[in-house]
Amino acid sequence: EDQVTQSPEALRLQEGESSSLNCSYTVSGLRGLFWYRQDPGKGPEFLFTLYSAGEEKEKERLKATLTKKESFLHITAPKPEDSATYLCAVQAGYSGGGADGLTFGKGTHLIIQP
Amino acid sequence: EPEVTQTPSHQVTQMGQEVILRCVPISNHLYFYWYRQILGQKVEFLVSFYNNEISEKSEIFDDQFSVERPDGSNFTLKIRSTKLEDSAMYFCASRTSTNEKLFFGSGTQLSVL
């Protein structure tokens with residue numbers, strides 16, 4: 001069974017204080033690892049897709065990295081508007097886990113204080 | 001940027017009643033999905049739909065659930081006889097191919113009383 005574990009569950013940072021969010025996964029045949037941002041009462045908003053170990057992607061203050069067992073979302077000099085829940089999801093390469101469906105983690109609730 | 005549109009944003013129903021949740025996926029997308037999120041829990045995959053048929057479904061998607069693409073633009077999720085535990089935020093999503101990023105709608109909050 002595919003599993004995604006995110007840590008920490010919640011993180012409070014001061015504006016400008018950099019940190020990293022962790023996503024550990026167990027999946028048979030990773031087709032892709034996805035990072036999404038979710039604001040309260042909204043649908044997940046796509047951030048990144050990573051396909052293979054060693055891959056990195058950046059967007060503004062965010063950088064996502066991938067190894068064979070985990071992914072990190074690095075947040076550099078965050079601003080209050082970066083406050084949200086960050087979700088990690090994996091797409092398996094076999095039908096039992098849902099070749100189409102994504103398996104999500106519970107997310108990390110990030111608060112950036114001014 | 002194109003959006004996935006869901007209606008209604010909130011739906012309140014009595015236990016045992018049928019509900020239909022509606023979605024308009026992004027126009028050039030071919031793969032359509034329903035996910036749900038119970039308050040405080042993970043986003044969970046329900047079903048995927050391609051070429052006018054279900055391609056994957058989870059254990060959650062039992063005989064009480066059905067999906068339909070009645071025309072070229074709408075994608076619906078029907079729950080035949082709602083239960084209290086069906087209360088959740090239901091998200092529609094779409095994408096161009098199974099390896100591409102998934103676009104989510106803003107969700108329909110379903111409350112079963």
Testing residue B:60 on (1) part of a loop (DSSP other than H, G, I, E, B); (2) at pLDDT 95 or above; (3) among the aliphatic types (A, V, I, L, M), one condition comes back false. Which one is that? (2)
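Residues checked against (1) hydroxyl-bearing (Ser, Thr, Tyr); (2) more than 21 Å from residue A:88 (Cβ to Cβ):
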residue	(1), (2)
B:58	yes, no
B:65	no, yes
B:69	no, yes
B:82	yes, yes
B:89	no, no
B:99	no, no
B:104	no, no
B:109	no, yes
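Per-residue answers, yes or no, for (1) within 11 Å of chain B (Cβ to nearest Cβ); (2) polar (S, T, N, Q); (3) free of Cβ contacts under 8 Å to residues at least 24 places away in the same chain:
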{"site": "A:27", "(1), (2), (3)": "no, no, no"}
{"site": "A:42", "(1), (2), (3)": "yes, no, yes"}
{"site": "A:45", "(1), (2), (3)": "yes, no, yes"}
{"site": "A:55", "(1), (2), (3)": "no, no, yes"}
{"site": "A:101", "(1), (2), (3)": "yes, no, yes"}
Any chance residue B:93 is facing another protein chain (nearest Cβ under 10 Å) and surrounded by 12 or more Cβ atoms within 10 Å (Cβ to Cβ): yes
Grab the strands (runs of 3 or more DSSP E) fully contained in region A:49-114, keeping just those with 2 or more residues being β-branched (Val, Ile, Thr) and either touching a strand residue (DSSP E or B) at 6+ places or on another chain (Cβ under 7 Å) or at pLDDT 95 or above (or both). A:84-92, A:108-113
Does residue B:16 meet the test of being within 8 Å of chain A (Cβ to nearest Cβ), at positive phi and either touching a Cys at 6+ places or on another chain (Cβ under 7 Å) or touching a residue at least 24 places away in the same chain (Cβ under 8 Å) (or both)? no
Quick test of your reading of the structure: residue A:32 fulfils all but one of (1) facing another protein chain (nearest Cβ under 10 Å); (2) surrounded by fewer than 15 Cβ atoms within 10 Å (Cβ to Cβ); (3) among the small types (Gly, Ala, Ser). Name the failing condition by number. (2)
Which count do you get for residues in region B:42-55 that are more than 7 Å from chain A (Cβ to nearest Cβ), out of contact with any Leu (no Cβ under 8 Å at 6 or more places or on another chain) and among the polar types (S, T, N, Q)? 1
Only one residue in B:92, B:23 is outside any loop (DSSP other than H, G, I, E, B) and farther than 27 Å from residue A:2 by Cα, so which one is that? B:23
In this structure, is residue B:58 at the interface with chain A (Cβ under 8 Å from one of its Cβ atoms), touching a residue at least 12 places away in the same chain (Cβ under 8 Å) and under 13 Å from the mean Cα position of the chain (by Cα)? yes
Looking only at region B:10-32, count every residue that is at pLDDT 95 or above and not hydrophobic (A, V, I, L, M, F, W, C) and tell me the total. 9
Exception for residue B:78 within (1) part of a strand (DSSP E or B); (2) more than 24 Å from residue A:39 (Cα to Cα); (3) free of Cβ contacts under 8 Å to residues at least 60 places away in the same chain falls at (3)
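The values are calculated or read from the model by the stated rules, or taken from the named source; none is laboratory data. Quick caveat: nothing in here was measured; it's all calculated off a predicted structure. Here Cβ is always computed from backbone atoms with ideal geometry, including for glycine, and neighbour counts include all displayed protein chains.
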